[in-house]
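Working notes, beginning with the structure itself.
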Amino acid sequence: MLEVNGLRVTYGGIQAVRGITFHVNEGEMVALIGANGAGKSSTLRALARLLDPAGGNVRYRGQEIQRLPPHRLVEQGIALVPEGRGVFPRMSCVENLRMGAYSRNDLNEIERDLEHVLGHFPRLKERAQQLAGTLSGGEQQMLAIGRALMSRPKLLLLDEPSMGLAPIMVQKIFQVICAVAAEGMTILLVEQNAKLALEVSQRGYVMESGEITVTDEASKLLADPKVRAAYLGE
């Protein structure tokens with residue numbers, strides 16, 4: 001579904017992503033792990049076209065997309081849940097969710113999807129008319145994921161969904177991520193909790209200093225002594 005070849009991202013003269021190559025198959029959940037500053041979030045932002053790549057080629061379902069504007073990517077089925085959630089704080093939960101469907105005009109299906117998303121997140125249903133800025137961090141993360149799902153994506157880019165959350169909230173968030181994956185969603189997951197990311201993914205890539213240094217099945221990365229020592233705290 002997604003083929004990335006030689007992707008480079010720069011900030012001024014600093015190379016954040018140094019010509020990485022990887023792929024995501026349809027129906028897979030793939031984890032991108034690494035230390036802070038490795039270039040993981042820059043990679044997702046470049047794929048979603050919130051950053052202009054400095055070089056490389058990105059294909060989505062066989063079509064080059066590295067020059068398309070962000071809204072066109074959403075229309076084609078790519079949705080980003082950004083690091084830091086990025087909810088609209090002065091809008092209600094329901095208004096935030098409806099914003100996720102801004103590119104759609106199938107009103108009846110939007111209403112069905114809204115109920116489906118609220119079914120995944122009962123907490124949001126309880127707070128449907130509450131302003132997003134007054135929600136807890138975990139609730140805002142639920143809202144950011146739900147908003148992305150409202151665009152009916154085929155490829156979901158998740159950037160640090162567990163960041164800053166209590167363990168019980170992380171568990172709830174990942175239960176929904178796994179449920180969405182079980183429905184057939186293709187997911188590229190950037191996650192600081194490397195153990196959790198690999199436990200729920202089929203394959204993984206390890207990034208170091210803007211480069212991909214290791215790739216394998218997630219179960220094998222979990223068992224790799226070097227990965228365990230560097231990223232799993234062992």
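If R₀ is 41 angstrom, what is the calculated FRET efficiency for the pair Glu109 and Glu217, using the beta carbon separation as r and rounding to 0.05? Given R0 = 41 Å and the Cβ-Cβ separation, E is 0.70. The GNM of the chain, with springs linking C-alpha atoms under 10 angstrom apart, assigns the highest mean-square fluctuation among Asp106, Asp52, Asp216 to Asp106. Of the residues Arg147, Arg85, Arg127, the one that moves most in a GNM of the chain with alpha-carbon contacts below 10 Å is Arg127. Phi angles of the stretch 89-97 translate, via the Karplus equation with coefficients 6.51, -1.76, 1.60 and θ = phi - 60°, into HN-Hα couplings of x, 9, 10, 6, 4, 5, 5, 4, 5 Hz per residue; Gly and Pro are given as x. Considering helices alone, the calculated mean residue ellipticity of the chain at 222 nm is -11000 deg cm²/dmol, with DSSP H runs of length four and up weighted by -39500 (n - 2.57) and normalised per residue. Summarising the strand pairing of the chain, around 55 percent of its internal DSSP beta bridges are antiparallel. Under the combined filter of DSSP loop state and at most 13 neighbouring Cβ atoms within 10 Å, the stretch 167-209 retains these GluC sites (Glu not before Pro): Glu183.
Leaving ligands, DNA and RNA out of it, report the carbon-plus-sulfur percent of the accessible area of the chain at a 1.4 Å probe. All intermediate terms of the calculation are to be shown ahead of the outcome.
Details: 5320 of 10720 Å².
Ligands and nucleic acids excluded, carbon and sulfur reach 50 percent.
Taking each residue as 0.36 nm, the span from Ile14 to Ala35 lengthens on full extension beyond its C-alpha to C-alpha distance by 5.8 nm.
Amide H to amide H, with H built 1.01 Å from N, Leu80 comes under 5 Å of Leu157, counting only residues 5 or more places away or on other chains.
State the extension gain, in nm to one decimal, for the chain segment bounded by Arg123 and Ser136, taking 0.36 nm per residue of separation less the distance between their alpha-carbons.
Working: separation 13, 0.36 × 13 = 4.68 nm, distance 1.08 nm.
Result for the pair: 3.6 nm of gain on full extension.
Taking 7 Å steps out from each Cα toward its Cβ at Asn5 and Arg59 produces label points 0.6 nm apart.
In the elastic network of the chain, a GNM with C-alpha springs shorter than 10 Å, the most mobile of Ser42, Ser103, Ser201 is Ser103. Once Cα extents along the principal axes in Å is calculated for the structure shown, the corresponding label among (i) 67, 54, 28; (ii) 84, 50, 50; (iii) 46, 40, 33 turns out to be (iii). If a paramagnetic tag sat 7 Å from the Cα of His71 along the Cα-Cβ line, which residues of the stretch 145-166 would have the backbone N under 12 Å from that point? Residues passing the 12 Å test: none. Among 33-39, 114-120, the peptide with the highest mean count of other Cβ atoms within 10 Å heads the list, and the full ranking is 33-39, 114-120.
Just to confirm, what accessible area per residue do you get for the chain at 1.4 Å probe, in whole Å²?
On the way: 10720 Å² over 234 residues.
Per residue, the chain has 46 Å² of solvent-accessible surface.
For the peptides 155-163, 4-12, the ranking by packing is 155-163, 4-12, with the highest mean count of neighbouring Cβ atoms within 10 Å listed first.
The values are calculated or read from the model by the stated rules, or taken from the named source; none is laboratory data. Please read these numbers as outputs of a predicted model, since none were measured by experiment. Cβ coordinates were reconstructed from backbone atoms using ideal geometry, including for glycine residues, and neighbour counts include every protein chain displayed. The accessibility values were calculated without ligands, DNA or RNA, using every heavy atom of the protein model including side chains. Shrake-Rupley method; radii C 1.70, N 1.55, O 1.52, S 1.80 Å.
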